[in-house]
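J.: Please read through the structure below; I'll follow up with questions.
The values are calculated or read from the model by the stated rules, or taken from the named source; none is laboratory data. Note that the coordinates shown come from a computational prediction; the quantities given were computed from them, not determined experimentally. Ideal geometry is used to build each Cβ from the backbone, glycine not excepted, and the neighbour counts take in all protein chains shown. Calculation scope for accessible area: heavy atoms of the full protein, side chains included, ligands and nucleic acids excluded. Shrake-Rupley method; radii C 1.70, N 1.55, O 1.52, S 1.80 Å.
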Amino acid sequence: QVQLVESGGGLVQAGGSLRLSCAASGGTFSDYTMGWFRQAPGKERELLASISRNGGTTYVAVSVTGRFTISRVNAENTVYLEMNTLKPEDTAVYYCAADLGLLRISRMRGDYWGQGTQVTVSS
């Protein structure tokens, strides 16, 4: 239905910043709640942030509140994750996800997933 491609990951020193992008194609972007997850080896996948279809509501997990910001530009079929003051514990594979018909954006299930992009924060 929709294809998602993440970009922007890489290696950054602690305290630095990165902006991840997720480009969507093959669907009507504004129909989807969008979100970002991350998963480190041996750990459960964690919802970091999500944003409603029109961008009017956002959710940010406690673990990254104050440092990460989610946004979307529907005209560009793109969702972003701005990550500031990065810490080594932020090291993980970061995934973009899309959900249809979601009532509560903090309960994203991931109907569709991107391939992931590696973020490594060095100390």
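J.: In square nanometres, what is one fourth of the surface area of the convex hull spanned by the alpha carbons of segment 15-68?
T.: 5.1
J.: Just for the chain, what percent of DSSP beta bridges are antiparallel, to the closest 5?
T.: 90
J.: Could you derive backbone 3J(HN,Hα) for segment 58-72 from the dihedral phi with the Karplus parameters 6.51, -1.76 and 1.60 (θ = phi - 60°), listing whole Hz in sequence and x where the residue is Gly or Pro?
T.: Each residue's phi maps through the Karplus curve to give 10, 10, 9, 5, 4, 4, 10, 4, x, 10, 10, 9, 9, 8, 9 Hz.
J.: Could you give the Stokes-Einstein D for the chain in µm² per second, using the C-alpha Kirkwood radius, 10 °C, 1.306 mPa s?
T.: Calculated translational D: 112 µm²/s.
J.: Ordered by residue, what ³J(HN,Hα) values in Hz, to whole numbers, does segment 117-123 give under the Karplus form 6.51 cos²θ - 1.76 cosθ + 1.60, where θ = phi - 60° and Gly and Pro are x?
T.: Residue by residue, segment 117-123 yields 9, 7, 10, 10, 10, 8, 9 Hz.
J.: Let me ask something else. Of the listed peptides 80-92, 11-23, what is their order by residue-averaged count of other C-beta atoms within 10 Å, with the highest listed first?
T.: 80-92, 11-23
J.: Leaving out ligands and nucleic acids, and using a 1.4 Å probe, what accessible area per residue does the chain come to in Å²?
T.: 50
J.: While we're here: Enter the per residue convex hull volume of segment 68-109, computed from alpha-carbon coordinates, in Å³ rounded to the nearest integer.
T.: Looking at segment 68-109, the number lands at 104 Å³ per residue.
J.: Same structure, new question: With θ taken as phi - 60° and the coefficients 6.51, -1.76 and 1.60, list the Karplus ³J(HN,Hα) couplings across segment 47-55 in order, rounded to whole Hz; mark glycine and proline as x.
T.: Residue by residue, segment 47-55 yields 6, 9, 6, 8, 9, 5, 4, 9, x Hz.
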